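What follows is a set of notes on a single structure, which appears directly below.
Nothing in this text is a laboratory measurement; each read-out follows from the coordinates by a stated rule. In this text the structure is predicted, and so the values were computed from the model without any measurement. We place every Cβ from the backbone using ideal geometry, glycine too, and count neighbours over all the protein chains shown.
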């Protein structure tokens, strides 16, 4: 049963620190999405990649957030410097560019104090 | 861009009753509409989806209907059970491999 994996599952950090979240998409999937979930905003898209190339990162605060895919099996989302308002659950999802379905990872719960 | 609205935000039903959650979308180019179930502290999981060339789809106790003209789609759960309690999200997408635009979620509670 192939699944998207994410690390770490929980992260508590102090304001100003760098945070890196990692995602391993399902093997063979070529599209990766980063979503942020908060009570106030729900599920919002931050960025997504196809074949490792960024297609849309308009939902991401560019001054502090960056997303990359160093290779086909790893996607990273980095926040530097982190702020309390970044506290949320960050989900990665993967899919195959020729189909519609997206499969979510377990999420990284980030708390910035 | 696309705007997806979802109602109600909370819903309580007695076990065995039916539950209906409704979503509307704004972009007539959207052609794929998935529904996700998210249990507390877990990942969203796809439970059913529908494409724009179909008006209704059913999978056991779950069904989804789509009205393209009115730009709305609904999730129907019959014979609800306590394990159906979760947050349900609708979404819309325009093409394969494209981003989803999510509704704000419906917290469903099934009372035993």
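Brief remarks follow.
- Using a simple spin-label model with pseudo-atoms 7 Å out from Cα toward Cβ, residue A:87 and residue A:58 lie 3.1 nm apart.
- By the count of other C-beta atoms within 10 Å, a proxy for reagent exposure, A:23, A:92 are ordered fewest to most as A:23, A:92.
- Stretch gain in nm, segment residue B:12-residue B:51, where the contour uses 0.36 nm per residue and the Cα spacing is subtracted: 11.2 nm
- Exposure proxy for A:94, B:30, B:9: other Cβ atoms within 10 Å of each Cβ, ordered fewest to most, give B:9, B:30, A:94.
- Spacing of the modelled spin labels on residue A:80 and residue B:81, each 7 Å from Cα toward Cβ, amounts to 4.9 nm.
- For residues of B:99-107, the mean tally of beta carbons on other chains within 10 Å: 4
- Segment A:1-24 residues near the modelled residue A:111 label - backbone nitrogen below 14 Å, point 7 Å along Cα→Cβ: A:9-15
- Segment A:22-77, relative contact order [Cα under 8 Å, separation at least 6], %: 34 percent
- Sorting B:77, A:79, B:47 by the number of Cβ atoms found within 10 Å of their own Cβ, with the fewest placed first, yields B:47, A:79, B:77.
- Within segment A:55-96: backbone nitrogen closer than 17 Å to the residue A:5 label point (7 Å, Cα to C-beta): A:70-77, A:92-94
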